[in-house]
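Just so you know, all these numbers are worked out from the coordinates, no wet-lab data involved. Quick caveat: nothing in here was measured; it's all calculated off a predicted structure. In this analysis, Cβ positions are derived from the backbone assuming ideal geometry, glycine residues included, and neighbour counts consider all displayed protein chains.
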Amino acid sequence: MMVPLYVLILVPILAGLALMALPLRWGKALALASQIPLAVMAGQAFLTVRRFGPRLQVIGGWPQTAGITLRAELLSLDLVLLSILLFACLLLYNNGKPYVNKTFLFLFLSFQGLVNGIFLSVDLFNIFVLVEVSTVVISLLILFKPNSESIYDGMIYLLTNIVAMTFFLFGLGLLYKTTGAVDLDSLKRVISGFEDSDRLILPYAFLMTAVSLKAALMPLFSWLPKAHGTPGAPTIVSAVLSGLYVKCGVYLFFRLQDVFEPVLNTRSLFLVLGLLTAVIGFILAIAQKDIKLILAYHTVSQIGLIMTGLNMDHDYARYGALYHIINHAIFKATLFLTAGLISERYKTRQIGQIRGVWREMPAVALASLLAILGITGAPLFNGSMSKAWIMYGAGPTGLSIALYIINLGTVVSFVKYASMLWGKPPEPSEAPFWGKPGHRLPALVCVFLGLLCLLGGILSEPMTRLLFGVALPVDWSQYGRKTLIFLLLLGAGASLYHFGLKRWRYLQQARGLDLSFHDICLTLAAFFAGLVIILKIWY
Amino acid sequence: MNINVLLDWISGEHISLVLFFVGLYGLVARRNMLKSILSIGIMQAAAILYFLSADLAENSVPPVGESVAGQAMADPLPQAMMITDIVIGIGVTAIALTLMIHLYHRYGTANWQKARDKRRE
């Protein structure tokens, strides 16, 4: 017997509502405590699914095509468990922050419920509703510490995402007319027997335009750095947006591709888009000077890598990409959290002005370093495993060269990012290992998440078997070679950055690249038109 | 051109497609934030019209109450979905307008271009 799945959606929202009635101190405790029953229930559901296979639950006794359907399967529950882990860590991290009030906690917990709902829903209309509501909640969270920059950024975020979701809704209407279904299972059944691919092109293009914007694919990513890196956004909001929420887009893409693949196979198209996204992402990341923006653009690059892996014609690559979703959530959250602590300590976010984090905040620097090693794919760390599987899927083709270039880009951008760890701090002070009293708990959370990066690498084989139910090979005998390649990449990246890119004029100009709202809408329209034209030519 | 052909062409589905792209044009071409929000409203209305008019059987009755023999009921599913969407649309528009007013107070303008220049300062 499995727990009813809607509980996983409702518990955080109800906890958020309940804490409104309590004093703030109790409210914080309740928010944290609500993660425990959630974890227990999600764990129970996970174990049931592992033993007995995927479970479907229809709420309200309607038939599956009309009711609200939730499905528990390994991938969705992995992501739900990941969200619980992240939200618990973030709430702990944020415990002492002055801006936390009951409204913030309510919004934050509602957001968790919505995200869980997106992962568990089978019905595209429910997904639309959940995504739309979470968009509103996020724009309020981004603006929680309003300053003049974040209002503009929040406005751009809200409107572009609403426009994208209107595309989604219209596509859903077309799809309902063509197939008479809105839930993924029925759609898959109907579409796999569909002869006339022509009639699916328009709904597919509408849906994919929306999903590509949500997943921040090239050229639709320009809202992402604004939303994730805006100065006013609380650190934990940036962390959860970059770590988890962007993956909702990728997850939707994965689900929709699964449905449409028998008729419209667009893998090669999205493979190319993924590669382009990854390359553009790291180029823009290297160009930035603001530490939060470096991380935000870097998310774009990693999303590109995940999309590349998902669209490869190889199981290892696909599971590698799914594992990378989880890994990226952990190291990107760590990086955003440490960046928040660092910018708080130095009172600036300009990377040129931050020096000597090792001396000032040893624990935070340690966590940063662990996460950086994870994201650059250092041997033994989680990033190396997922990247190796994606690489394995590429095989000895030109694709693997492209992947090496992407990894080199990652290394270069993090050589730049890590430069703040060393050197002499501007105002040296002898700090204890865990930092000042107010920073102790946040630093502890960061180090914990950083250690998870290492753990996810060493235990990658049992982890993937547990999470996805597949056995992916890890060839430990190749490890010497891998270490060598990593060191070579590191050397190449460091010299490339210090002797070339640092003063490259065109890179400085790339920083000014900032699309206005109209440009974003125009690219959205162009993306849609391009997708329709390409599909028309292909089919 | 025969006027009847044109009249046949005018159906909820076609109009909604046209409306959708009218809204999209408004988003790309208008510089005022209020007009952007209105354009989004048009696009949402287009989506609602599409859902309600696609697959609608002639002379069908609303899916409310007891069914009358011999009369076809309209498909209730799109209608249920669109009620939900109308509610969401109201919420989203309200939030967008609130943000716009907030931004207007901060920057003194509701023009995208000018707001962007102000943000850079």
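Let me have the 222 nm mean residue ellipticity of the protein assembly as shown computed from DSSP H runs of 4+ only, each contributing -39500 (n - 2.57), with the sum over all residues rounded to the nearest 500. Could you put the intermediate results ahead of the total?
Working: 29 runs with 476 residues, N = 660.
Taking each H run of at least 4 residues, the total per residue is -24000 deg cm²/dmol.
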Report the equivalent ellipsoid semi-axes for the range A:329-459 in whole Å, largest first, defined as the square roots of five times the eigenvalues of the gyration tensor built from alpha carbon atoms. 30, 16, 10
Output the Kirkwood hydrodynamic radius of chain A, Cα pairs only, in Å rounded to one decimal. 23.5
Please compute the length gained on full extension between A:Y6 and A:L507, using 0.36 nm multiplied by the number of residues separating them and subtracting their Cα-Cα distance. 175.5 nm
If you count, for every residue in A:156-163, the Cβ atoms of partner chains within 10 Å of its Cβ, what is the mean? 5
In sequence order, what are the phi-derived ³J(HN,Hα) couplings for the range A:296-307 according to the Karplus relation 6.51 cos²θ - 1.76 cosθ + 1.60 with θ = phi - 60°, rounded to whole Hz, with x for glycine and proline? 5, 5, 5, 4, 4, 4, 5, 4, x, 4, 5, 4
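So what's the net charge close to A:N95: Lys and Arg +1, Asp and Glu -1, counting the other residues with Cβ under 13 Å from its Cβ? List each step's numbers first, then the result.
Working: positive: A:R25, A:K28, A:K97, A:R440; negative: none.
Charge balance in the 13 Å sphere: +4.
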For B:K114, the aspartates and glutamates lying under 17 Å Cα to Cα, once residues fewer than eight places off in the same chain are dropped, come out as A:E149, A:D153, A:D514, A:D519
How many angstrom separate the Cα center of the range B:1-78 from the Cα center of the range A:1-72? 37
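Translational diffusion coefficient of the range A:237-393 at 20 °C, 1.002 mPa s, Stokes-Einstein with Kirkwood Rh over Cα pairs, in µm²/s as a whole number. All intermediate terms of the calculation are to be shown ahead of the outcome.
Values: Rh = 16.2 Å.
It diffuses with D of about 132 µm²/s by this estimate.
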Extending each Cα 7 Å along its Cβ direction at B:N59 and A:R465, get the distance between those two points in nm, one decimal. 6.8
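Would you mind giving the mean number of other chain beta-carbons within 10 Å of the Cβ of each residue in B:77-87, as a whole number?
Values: counts 8, 6, 0, 2, 10, 3, 0, 5, 7, 0, 1.
Rounded to a whole number, the mean comes out at 4.
Taking each residue in A:407-414, count the Cβ atoms of any other chain within 10 Å of its Cβ, then average. What number comes out? Write out the running numbers ahead of the final one.
Details: counts 0, 0, 0, 0, 0, 0, 0, 0.
Going residue by residue through A:407-414 and averaging, the value is 0.
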What is the distance, in nm, between label points placed 7 Å from the Cα along the Cα-to-Cβ direction at A:S192 and at A:I401? 3.9
Between the alpha-carbon centers of the range A:137-216 and the range A:466-487, tell me the distance in whole angstrom. 36
Number of Lys-Lys pairs in the range A:108-265 under 27 Å by Cα, sequence gap 8 or more or different chains? 10
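Can you put A:E73, B:E121 in order, fewest other beta carbons within 10 Å first?
Values: A:E73 16, B:E121 7.
Going from sparsest to densest Cβ surroundings: B:E121, A:E73.
Could you sort A:111-124, A:288-301, B:94-107, B:30-43 so that the peptide with the highest average Cβ count within 10 Å comes first and the rest follow in order?
On the way: A:111-124: 26.1, A:288-301: 23.9, B:94-107: 16.4, B:30-43: 19.3.
The most tightly packed comes first, giving A:111-124, A:288-301, B:30-43, B:94-107.
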Among A:C446, A:C453, which comes first, then next, by fewest other beta-carbon atoms within 10 Å? A:C453, A:C446
For q = 0.11, 0.15, 0.17, 0.23 Å⁻¹, Debye-computed log10 I/I(0) when each Cα of the range A:1-122 counts as one equal scatterer: -0.38, -0.66, -0.81, -1.24
Taking A:T235, A:T397 and counting other beta carbon atoms within 10 angstrom, the fewest-first order is A:T397, A:T235
Whole-Hz ³J(HN,Hα) for each residue in the range A:127-134, computed from phi via Karplus 6.51 cos²θ - 1.76 cosθ + 1.60 with θ = phi - 60°, x for glycine and proline: what do you get? 4, 4, 4, 5, 5, 4, 5, 5
